[in-house]
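What follows is one structure encoded as structure tokens, with my remarks underneath.
Any read-out appearing in this document is the output of simple, stated calculations on the displayed coordinates, not a laboratory observation. Because the structure is predicted, anything quoted here is derived from the model rather than measured. With ideal geometry, Cβ positions are generated from the backbone for all residues, glycine too; neighbour counts draw on all protein chains shown.
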Amino acid sequence: MSAPIIWIFIPVILGIILWFLPDSRIVVLLGIGIPLVLSLIAWFLPLDSPFVVGNLSFKISSNLTILGRHLILSSNDQPLLIFIYSSLCLWYLCSVVAGSPYKLISYGLLITSLLISAIAVEPFLYAALIIETAILISIPLLNPRKKTPGRGLIRYLVFQTIAMPFILFSGWLLAGVSSSPGELSLSGQAAIFLGLGFIFLLAIFPFNTWIPLLSEETNPSQMSLILWIFPTIGLLFGLYFLDTYSWIRDSNYLLIVLRLSGIITMVSGGVWAAFQKNLKRLIAYAIIMEMGSSLLAISIKGSIGIDLFFGLLLPRTITIFFWAMALTIILGTNSNGQFASIKGFGRKYPFASIVLVLSHFSFVGLPLLAGFPIHMALWVQLGKLSIYYAFWYLIANIGLLTGGIRVLAVLVTSSEKEGFLSLENWSQRIFLSIGILILILLGILPQWITPLLSRLPSMFNHLAK
Amino acid sequence: MVDSLIGTFYLTDLPDCPLIHMINILNWFFLLLTMTASIGLMLSRGWKWILGFLAIQYLGVFWFVQTVWPFSLAIVKLISGIIACLALASSQEGTTSFSKLETSWPQGILFRLFSASIVLLTTLGVAPQVSNWLGINNLHGIWVSLLLMGFGFLQLGITAQPMRVIIALLTLLSGFEIIYSYIETSTLVAALLVVINVGLSLVGLYLLKATDQERP
């Protein structure tokens, strides 16, 4: 048995089987159980060293060879596997509680395992092809009711597909740079192609217009998975490039480009969020800003930057999923998310409204919420680099905060004199209450997630040092 | 200028070998065939014509890929292309036109011809430099590759209709596959590119079915 079989092939097969199962309860149970079991296995089972169960001795190898290429999931990748599969489990729970269609579960499993194979494949350039395959699979997830595809979906498909040729081609150029490191023009060309590929893949400004459009067209639950997993894997893929090629890693230009693109992405997201009148689009702008934060974190030299990057992952994941769940509950199946149509919904959906507002403020980095410790740390580091970056970071966050205050005002304002009336069902109330608790606890006690976060950078050989 | 550019494609110093002359003529033939198919793809409205042109375009891709890849591997490009065309065709039962008229972009044939000619001339001008830069000694292949990528981008720029977008993406990838075949001969890459081509056409099929279901 090898690790890629356990964490890639078995989930793919199970994802396909789940798609054909007619019983929704079994699908939901398996959908939640499979990623949970996979993350527990990643937590407890050692790789490449024998272990004994009863009288039997087992050894899980980290390597699998297919058509001359390798899929490698070593013990350094185990924290990432724990993080991804437990996050997937949380997404399922949030989706099920919010009442999303159960058929989506199989897509989630397929996309996640494919993207893990993108992280595992050697040479890692093949990841671009695997990510593109995952993007194609995500289309039915984003348009499950066979509606006429909107502009957001089409742009998503186009921009993500365009990324692939650029990255593949840059890989070939990078191989050339490795063989003749003195050729500066080749390095520049490779960097340009690589940059173009990642601008499209990571939806960096100005190629992020599809995110708000898609967010408006799609159910928040489905959208949250896509806007969580693709940027996360895309960023990790980008970090592999930095880890592998020292001339990119040590380039001062790269840090400036990352910082500028990060701050522009953040400010553009923040400004649009401040004037937004649609709840669905607001979460999109918040995610765009998170992408900018990640770029800023990577742009900070040394292990601090990488620690900040991984530190952002967990609070972001939890916040996105709870935010999307609250949004799905509040909007139901009919509302388009316009502020005018949700006036006073805070009185009808108090639990969901609280989660919605807290998630929003957590992304802003308000004190005592999940995003606060890490956003504060990032802001401090930016301030050390340059007061201008710190200033623009503040401006961007003020934009998002303004959007959050407007949401709060819309949710609690009601023209009718009606009291509070919770339309959420019991499971939703319980789960939303857990969400509120987690969002606050992660802000007060961030050290609880430190054991996992501190192990995540070990997947990179050079960046973590 | 155009004469001198075309002159770079016409290899006058070929050794006196009939086979090489034959290959040169065939390269020219497939270059013109692919170019005609790509322009036809942009101008046509009937789905049978469009898919016919797409299939011819894949024939061109196959020809230029087989100049560097083994025949058995290169034929996969043609087969996957034909599968993609068939998948798209299966969504078109009972319809004559592939897409509605665009409302927000210039639609005239003259506009399309004009923009196509700009792409044509630009790629013709750039091809020798790209060939030099990449160290690939097949100008016809490079030109066709750039041409297809250019037409792909052009179509992506002037349409928002799902089916047209899918065809534009397939065209763009076809161009990329030609140029990439010169630098990468891995079987796994070929397999994954086939998956992506067929996958894109299936996505097109899915999106087009969705559009049809919503029509009154």
What is the set of long-range amide H partners of A:Gln338 at a cut-off below 5 Å, with H atoms built 1.01 Å from backbone N? A:Leu279
Shielding by partners, peptide B:172-184 (average Cβ within 10 angstrom, other chains): 3
What does the structure give for A:154-164 when I average, per residue, the other chain Cβ atoms found within 10 Å of the residue Cβ? 5
Per DSSP, the loop-located trypsin sites (Lys or Arg not before Pro) within the stretch A:210-284 having at most 14 other beta carbons within 10 Å are A:Lys277
Using the Karplus equation 6.51 cos²θ - 1.76 cosθ + 1.60 (θ = phi - 60°), what ³J(HN,Hα) coupling, rounded to whole Hz, does each residue of the stretch A:195-210 give in order, writing x for Gly and Pro? x, 4, x, 6, 4, 6, 5, 8, 6, 8, 3, x, 9, 10, 5, 6
Residue-averaged beta-carbon neighbours from other chains (10 angstrom radius) around A:119-128: 1
Phi-derived 3J(HN,Hα) across the stretch B:158-164 with the Karplus relation (6.51, -1.76, 1.60, θ = phi - 60°), rounded Hz, x for Gly and Pro, is 10, 9, 10, 7, x, 5, 5
For the protein assembly as shown, the spread of Cα positions along each principal axis, largest first, Å: 89, 61, 59
Relative packing of A:172-180, A:56-64, B:80-88, which averages over residues the other C-beta atoms within 10 Å, highest first: B:80-88, A:172-180, A:56-64
Using a 10 angstrom Cβ neighbour count of at most 12 plus a DSSP loop assignment to flag exposed GluC sites (Glu not before Pro), which longest range of chain A is free of such sites? A:1-415
Sequence of A:Leu441, A:Leu254, A:Leu168, A:Leu136 once ranked by neighbouring C-beta atoms within 10 Å, starting from the fewest: A:Leu441, A:Leu254, A:Leu136, A:Leu168
State, as an integer percentage, the relative contact order of chain A based on alpha-carbon contacts under 8 Å between residues 6 or more apart. 15
Work out the charge dipole of chain A with +1 on the Cβ of Lys and Arg and -1 on the Cβ of Asp and Glu about the Cα centre, then indicate which of A:Thr244, A:Leu308, A:Val355 is farthest towards its positive end. A:Val355
Taking amide H atoms as placed 1.01 Å from N in the peptide plane, list the residues 5 or more away in sequence, or in a different chain, whose amide H sits under 5 Å from that of A:Thr218. none
Going by C-beta contacts inside 10 Å, put A:Tyr156, A:Tyr253 in order with the fewest on the left. A:Tyr253, A:Tyr156
Rounded, prolate or oblate: which one fits the stretch A:280-338, using the alpha carbon gyration tensor with axes a ≥ b ≥ c (rounded when a/c is under 1.5, else prolate when a/b beats b/c, else oblate)? oblate
Residue-wise HN-Hα coupling along the stretch B:21-31, computed from phi with Karplus coefficients 6.51, -1.76, 1.60 (Hz; x: Gly, Pro): 4, 4, 5, 4, 5, 5, 4, 4, 4, 6, 4
Name the long-range amide H neighbours of A:Val121: under 5 Å, sequence gap of 5 or more, or other chain; modelled H, no Pro or chain starts. A:Ile72
